[in-house]
Amino acid sequence: QPVFSPMVVPPRAWDSFNTGCYHDDALAAQVDLIRFANPWQRRVTIEHCEAGRFPTFMRVVNYIQATPYSINQDILEAVEYCWSNGVKIGKFPTQAKLERPDRPDNWDDLDDRDRKGWRISARDVVSKNREIDGHRAVMAQDMRTAKEMAEYDRFYLPSNFDFRGRVYPVPNFSPHRDDHIKALFMLANARPITEKGAYWLKVHLANVGDFEKISKRSFDDRIQWVEDNHDMLMQIASDWKANMDLWAGADKPFQFLAAVLEYG
């Protein structure tokens with residue numbers, strides 16, 4: 001059960017059910033074009049490929065996985081800083097374990113109901129600490145992958161389908177993840193921003209911040225929110241560490257910070 005990783009070269013294009021997308025044949029054989037495919041899906045796809053009639057969906061997934069990404073270095077620094085310093089932001093994971101409650105000194109005097117309550121509380125702490133251990137392991141793997149990919153100017157996410165036809169990256173490290181992982185991803189083929197692009201950047205900035213539920217209002221209102229808060233946004237962009245209180249309350253804080261830095 002290998003941990004599938006992003007690739008630093010374009011993935012092998014899918015041309016059959018189980019010969020893509022990694023270049024190593026042994027690794028590629030463990031990745032099917034369609035996850036949990038039913039017998040009919042598998043049979044029809046193989047028949048089309050063997051006849052040289054590659055379905056449109058196969059060409060689509062090849063285009064998707066050929067899209068290069070790069071790591072947002074500023075957000076990588078922000079994620080590392082918040083993780084190392086135990087900063088609590090939204091749903092950002094924590095590595096600080098909860099203290100298990102001591103058994104009351106008057107345990108022998110407690111009735112069965114109070115003893116049961118203490119056991120439930122203690123069990124909840126143990127359960128939450130196990131979750132924290134899991135988060136720490138996942139974060140360690142994510143940071144290793146992010147730092148490794150940050151050494152390259154571009155990397156790729158080999159992709160396939162689930163049985164419903166939805167496209168997903170094969171690696172766990174992907175923009176389908178939580179806010180702090182999603183914000184690490186940038187498209188590698190950058191282009192100068194146009195007036196139209198600046199408009200949609202402002203809309204996105206308002207959406208991921210979502211202060212006062214601005215994302216539920218019109219595009220014009222969202223643009224106006226950005227313009228009204230220009231000074232605050234520039235203050236964050238100039239020093240996000242010193243002004244963490246200004247962006248930590250965003251609906252998607254790390255994506256908001258990424259958009260602010262782009263805006264600034």
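The values are calculated or read from the model by the stated rules, or taken from the named source; none is laboratory data. Not measured: the values here are computed from a predicted model. Please note: Cβ atoms are built from the backbone with ideal geometry, for glycine as well, and neighbour counts cover all protein chains shown. Side chains are part of the model used for accessible areas, which takes the heavy atoms of the whole protein and leaves out ligands, DNA and RNA. Shrake-Rupley method; radii C 1.70, N 1.55, O 1.52, S 1.80 Å.
Brief remarks follow.
- Remark: pairs (first residue in region 130-159, open to solvent by less than 90 Å² (accessible area, probe 1.4 Å); second residue at pLDDT below 95 and assigned to a helix (DSSP H, G or I); Cβ separation under 6 Å; 6+ apart in sequence or on different chains) = 159/61.
- The set of residues in region 160-193 being assigned to a loop (DSSP other than H, G, I, E, B), open to solvent by less than 20 Å² (accessible area, probe 1.4 Å) and of a type outside the set (Gly, Ala, Ser) consists of 171, 173, 184.
- Every residue from region 240-250 that is in a helix (DSSP H, G or I), surrounded by 15 or more Cβ atoms within 10 Å (Cβ to Cβ) and not aliphatic (A, V, I, L, M): 247
- Filtered residue count, region 198-215, keeping only those that are at pLDDT 95 or above, within 17 Å of residue 249 (Cβ to Cβ) and charged (D, E, K, R): 2
- Of residues in region 152-167 being among the aromatic types (Phe, Trp, Tyr) and at pLDDT 95 or above, the one nearest to residue 78 (Cα to Cα): 152
- Condition met for residue 196 (within 24 Å of residue 69 (Cβ to Cβ), basic (Lys, Arg), open to solvent by 80 Å² or more (accessible area, probe 1.4 Å) and without any contact (Cβ under 8 Å) to a residue 24 or more places away in the chain): yes
- Hits in region 7-48 (condition: open to solvent by less than 20 Å² (accessible area, probe 1.4 Å), of a type in the set (A, V, I, L, M, F, W, C) and either part of a helix (DSSP H, G or I) or closer than 24 Å to residue 69 by Cα (or both)): 7, 14, 21, 28, 31, 33, 34
- Taking every residue in region 211-239 that is surrounded by 10 or more Cβ atoms within 10 Å (Cβ to Cβ) and pairing it with any residue that is acidic (Asp, Glu) and modelled with pLDDT of 95 or more, at least 6 positions away or on another chain, the pairs with Cβ-Cβ distances below 7 Å are 214/221.
- Scanning region 173-187 for residues that are more than 15 Å from residue 258 (Cβ to Cβ) and either modelled with pLDDT under 95 or not polar (S, T, N, Q) (or both) returns 173, 176.
- Residue match in region 251-258 (condition: free of Cβ contacts under 8 Å to residues at least 12 places away in the same chain and either open to solvent by less than 50 Å² (accessible area, probe 1.4 Å) or touching a helix residue (DSSP H, G or I) at 6+ places or on another chain (Cβ under 9 Å) (or both)): no
- Counting the residues of region 53-91 that are within 15 Å of residue 16 (Cα to Cα) and without any contact (Cβ under 8 Å) to a residue 60 or more places away in the chain gives 7.
- Residues satisfying the stated conditions in region 1-53, i.e. within 23 Å of the chain's Cα centre (by Cα) and among the polar types (S, T, N, Q): 1, 5
- Region 49-91 - residue that is under 25 Å from residue 166 (Cα atoms), of a type in the set (S, T, N, Q) and assigned to a helix (DSSP H, G or I) and, of those, most open to solvent (accessible area, probe 1.4 Å): 56
- Which numbered condition residue 94 fails, given (1) at pLDDT below 85; (2) in contact with a strand residue (DSSP E or B) (Cβ under 6 Å, 6 or more places away or on another chain): (2)
- Residue in region 134-151 that is within 30 Å of residue 29 (Cβ to Cβ), modelled with pLDDT of 90 or more and not in a helix (DSSP H, G or I) present: yes
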